[in-house]
Amino acid sequence: MQSLLTKKDGVFPSVCSLDCPDQCGLLVHKKDGKIVKVEGEPNHPVTQGNICNKVRNMTERLYDSNRLSTPLKRVGPKGAGAFAPISWNEAIETIVLKWKQLIDKHGPESILPYSFYGNMGNLTAEGMDRRFFHRLGASQLDRAICSVAGSTGYNYTMGANVGCDPEETTETKLFLMWGINAVSTNMHQMTIAQKARKQNGAKIIVIDVHKNQTGRMADWFVPIRPGTDGALALGMMHILFTEQMVNREFLEDYTVGYAELEEHVRQYDPETVSTITGVPVKDIYTLTRMYGTTSPSLIRIGNGLQHHDNGGMIVRTIACLPALTGAWLARGGGALKSNSSFLDYNTTSLQRPDLLVNKQTRKFNMNQLGKVLVETDPPVYSLFVYGSNPAIVAPESNKVRQGLERDDLFTVVHDLFLTETAQFADIVLPATSAFENLDFYTSYWHHYVHLQQPVIEPYGQSKSNTDLFRLLAEAMGFEDDALKNSDDELIRQALDHSANPYFKHVNYDSLVKEQYMKADRTKFSLKKLKTPSGKIELYSKQMVKKGYPALPTYTPLVDDGDFPFLFIPGPNHNFLNSTFSNNEKHQKLEKSAKVHLNQEDATKLGIEDGELVRIWNERGECEIIASVGENVLSGVVVSQGLWADMPGKKQLVNALAPDRLADMGGGATFFSGRVNVEKI
Ligand SMILES: Nc1nc2c(c(=O)[nH]1)N[C@H]1C(S)=C(S)[C@@H](COP(=O)(O)OP(=O)(O)OC[C@H]3O[C@@H](n4cnc5c(=O)[nH]c(N)nc54)[C@H](O)[C@@H]3O)O[C@H]1N2
Ligand SMILES: Nc1nc2c(c(=O)[nH]1)N[C@H]1C(S)=C(S)[C@@H](COP(=O)(O)OP(=O)(O)OC[C@H]3O[C@@H](n4cnc5c(=O)[nH]c(N)nc54)[C@H](O)[C@@H]3O)O[C@H]1N2
Ligand code: SF4
Ligand SMILES: [Mo]
């Protein structure tokens, strides 16, 4: 492979590294060895040259004057942000010395890695780091912050993360965007839906708690009370059965338990469901009749609706709907939550769990970082953060902060910026951007795997995650070959995966030639799903074994106290989680943090549009500008964006979010917290 680094000027293929389903093909324009422009790759079969505003402005972030270029050590109190540059040698020696002392005194489980998908490259996010921490014997991290509750629920019904091919949704006639803010978070699904609307009269229905940009673009916006979507889906099943809109042949051939389900959903009559969900009875009928009589129909299941106490069961339930109508049989029909199973690669070979000697090594759920740092005994004495910004993104942020402030906690952060988490670090290490690394990427929405070749040299003294962990392994004296493998070798090992029938034709050499390759979906069969029965499981014995009801069932949110409002602190359009929240360009595009309130509620509280309000509960408080109107139901408040606190601005919404775990997979419950709101 000829290195792109030797060419100082030109336009080079690339891929977006961010944690976004679209995984766009990019073209990177380079001049004098620097990136001057990032645009969409017009030939990319799915993303077709369009990219979001965030990434069109990526050069501002890459060359932001605040980007880290050297390692730093803390020279003031924790959290004060006083740091001095040091050499890589000193940084690595300090870490290794401290870790060896901790291991001698408290064992390796006193060290905890904390990471997520700030860069979705598989080597970067879950490659050499996993090998290193396995070999170290560090405490393990359960990476449950994003989508695991819903995936677990979906898999009870469908067996794996398999859904409709988004490229086929050009033929879809009815889109149910369910708990997804697709205009901001999956823009190409929205582009396809709008094209289908124009070309074949497709309809777009949005079911959400907030009439945001996606809701405003819909043909019909259906507002719903948070955490009640399972009941709506069951009410739809009730009508589908009673009005004979089910496909009995499909149910017979492809599912398990439809007779039990038919009996079971009698209790979810439209009146009962309307009382739970706040959706009017006539709307439940209209919605169901449209769904029951339009083909192909697609339910695009979002992440928002599973960030709830009952998120697993909600997704498990919604995932049953397309089986009732047989929507799966039509091109562009069915459901799409995640398609990641089509692109499963060899994680065992990449991550090498065999390097972990003590299989009983303790494991902590990343959603409870505050609790882990403050309450765990024996304590965690060292935290190593990379590819994540827990001071902002983790729930119960006041508790997280209390943990990060501990004097006896040795914290290392590897990032491109001095994030809010890095402010609390003892040692900060500069990270390369994705454009500086070799890696491969697998989308969780479309069916393509991409190669990223390094386009530019590392910024300043920054190092990639894989280089960093190879360096740490050497400094710790670990001799294992697995910790010396090059990035090339890691990719070859990961792509060698005959167990995935959709992926057999993909290998490193072909990927180098092609740049991106599609999973072979022809190997997919609805009759050979990964459920125990191989069929779509409307009735699940597996769930009974785990203590859940066998049939999809409405479960309410957990009681979170008496505060009057449910609080939904969602992401925003111009940031990606907290990424870009520190870049001036993106802050300007977003203007300011806002909280949406219903007009009636605001009037009662004497709050006017544009006024600063205080939002609080027993976990914390924020002060945010109110946006008053009809975009949320009474009793619901919605904020957008993971902003950091700034001088005079308390806007860290996760100060209010609960760290309870969802019903399945240990998922996060960001959107199930109650708050009070008052005028300041
Ligand atoms: N611009 C941008 N794009 C992103 C991200 C970002 O931060 N910014 N983040 C990326 C990541 S990591 C992820 S996981 C995805 C997330 O993207 P999405 O899957 O779109 O998830 P959210 O935006 O969290 O929530 C989606 C919608 O769910 C709604 N919602 C909340 N609770 C409920 C409920 O109980 N019922 C219903 N029906 N709706 C509800 C919210 O109002 C919101 O409109 O986006 C990715 N893309
Ligand atoms: N209130 C609320 N909280 C949420 C959510 C929500 O909707 N509402 N969404 C949740 C969800 S779905 C998710 S996925 C999480 C996301 O949480 P995080 O994964 O923590 O996401 P980011 O805030 O984007 O932080 C990623 C960090 O990785 C850094 N980074 C990027 N590339 C690299 C690299 O190559 N190496 C290293 N070492 N660092 C790198 C970036 O600079 C950035 O600081 O947030 C969760 N938190
Ligand atoms: S953030 Fe999403 S939409 Fe934007 S360029 Fe990256 S993959 Fe495409
Ligand atoms: Mo996420």
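Values in this text are rule-based calculations from the coordinates and carry no lab data. Source: prediction; values computed, not measured. A quick note on method: Cβ atoms are made from the backbone with ideal geometry, for glycine too, and the neighbour counts reach across all protein chains shown.
Explain nothing, just the number: dipole magnitude of the stretch 262-323 about its Cα centre with +1 on each Lys and Arg Cβ and -1 on each Asp and Glu Cβ, in debye rounded to the nearest 20.
Charge dipole, the stretch 262-323, about its Cα centre: 240 debye, nearest 20.
At a Cα cut-off below 17 Å, give the lysines reachable from residue 604, other chains included and same-chain residues fewer than 8 away excluded.
679
Normalised by the number of residues in the chain, what is the relative contact order in percent for Cα pairs under 8 Å and 6+ residues apart?
Dividing the mean separation by the residue count of the chain yields 20 percent.
Just how large is the dipole of the chain about the Cα centre, in debye to the nearest 20, putting +1 at every Lys and Arg Cβ and -1 at every Asp and Glu Cβ?
800
Would you kindly calculate the mean projected area, averaged across all directions, of the convex hull enclosing the Cα atoms of the stretch 565-679, in square nanometres?
Taking a quarter of the hull surface, the average projection is 7.4 nm².
Between residue 618 and residue 242, with labels modelled 7 Å along Cα→Cβ, what's the label distance in nm to one decimal, could you check?
Those two pseudo-labels are separated by 4.0 nm.
Excluding same-chain residues fewer than 8 positions from residue 518, which lysines have a Cα within less than 24 Å of its Cα?
The qualifying lysines are 195, 337, 504, 527, 528, 530.
What whole number of Å gives the distance from the Cα centroid of the stretch 178-237 to the Cα centroid of the stretch 414-433?
The stretch 414-433 and the stretch 178-237 have Cα centres spaced 38 Å from each other.
For a footprinting-style exposure proxy, rank 533, 525, 139 by other Cβ within 10 Å, fewest first.
Going from sparsest to densest Cβ surroundings: 525, 533, 139.
Among 359/513; 73/399; 173/588, which pairs are too far apart, with a Cα-Cα distance over 28 Å?
359/513; 173/588
To two decimal places, what compactness ratio does the stretch 460-593 give when its Cα radius of gyration is scaled by 2.2 N^0.38 Å?
Rounded to two decimals, the normalised Rg is 1.69.
From the Cα trace of the chain, what convex hull volume per residue do you get, rounded to a whole Å³?
Per residue, the Cα convex hull of the chain comes to 149 Å³.
When N is the residue count of the stretch 505-546, what does its C-alpha Rg come to as a fraction of 2.2 N^0.38 Å?
Ratio of Cα Rg to 2.2 N^0.38 Å: 1.86.
To the nearest 20 debye, what charge dipole does the stretch 484-577 have about its Cα centre, counting +1 at the Cβ of each Lys and Arg and -1 at the Cβ of each Asp and Glu?
So the dipole magnitude of the stretch 484-577 works out to roughly 780 debye.
Which Cα, out of 102, 12, 224, lies furthest along the positive dipole direction of the chain (beta carbon charges, K/R +1, D/E -1)?
Farthest towards the positive pole: 12.
Determine, from the Cβ-Cβ distance of residue 359 and residue 97 and an R0 of 22 Å, the FRET efficiency 1/(1 + (r/R0)^6), rounded to the nearest 0.05.
0.15
Counting DSSP beta bridges with both partners in the chain, what percentage is antiparallel, nearest 5?
50
Can you sort 117, 554 so the residue with the fewest Cβ neighbours within 10 Å comes first?
117, 554
Using a cut-off of 12 Å between beta-carbons, work out the net charge of the residues near residue 235 (Lys and Arg +1, Asp and Glu -1, residue 235 not included).
Its environment carries a net charge of -3.
Arrange 110, 592 by Cβ neighbour counts within 10 Å, fewest through most, would you?
Starting with the residue having the fewest Cβ neighbours, the order is 592, 110.
Share of Cα-Cα pairs in the stretch 1-95 beyond 18 Å, in percent?
So the pairs more than 18 Å apart make up 62 percent of the total in the stretch 1-95.
Which residue, chosen from 360, 478, 432, occupies the Cα position most advanced towards the positive end of the dipole of the stretch 340-480, where the dipole is computed from +1 (Lys, Arg) and -1 (Asp, Glu) charges on Cβ about the Cα centre?
Highest projection toward the positive end goes to 360.
On average over all directions, what projected area in square nanometres does the stretch 250-299 have, based on the convex hull of its Cα atoms?
The orientation-averaged projected area of the Cα hull of the stretch 250-299 comes to 4.4 nm².
What spacing in nm lies between the two simple spin-label points modelled at residue 371 and residue 142, each 7 Å away from Cα in the Cβ direction?
Result for the modelled spin labels: 0.9 nm.
Need one number: % antiparallel among DSSP beta bridges in the stretch 565-679, to the nearest 5.
Taking every DSSP beta bridge with both residues in the stretch 565-679, the antiparallel ones total about 65 percent.
Run the numbers for residue 11 and residue 523: contour at 0.36 nm per residue of separation, minus the present Cα-Cα distance, in nm.
Stretched fully, the residue 11-residue 523 segment lengthens by 180.7 nm.
Taking the Cα centroid of the stretch 21-88 and of the stretch 542-592, what is the distance between the two, rounded to the nearest whole Å?
Cα centres, the stretch 21-88 to the stretch 542-592: 26 Å.
Can you give the helix-only mean residue ellipticity at 222 nm for the chain, where every DSSP H stretch with n ≥ 4 adds -39500 (n - 2.57) and the sum goes over all residues, rounded to the nearest 500 deg cm²/dmol?
-8500 deg cm²/dmol
Roughly speaking, what is the stretch gain from residue 69 to residue 84, that is 0.36 nm per residue apart minus the C-alpha to C-alpha distance, in nm to one decimal?
That pair, residue 69 and residue 84, stretches by 4.2 nm at full extension.
Set Lys and Arg Cβ to +1 and Asp and Glu Cβ to -1, take the dipole of the chain about its Cα centre, and tell me which of 411, 498, 86 lies farthest positive.
498
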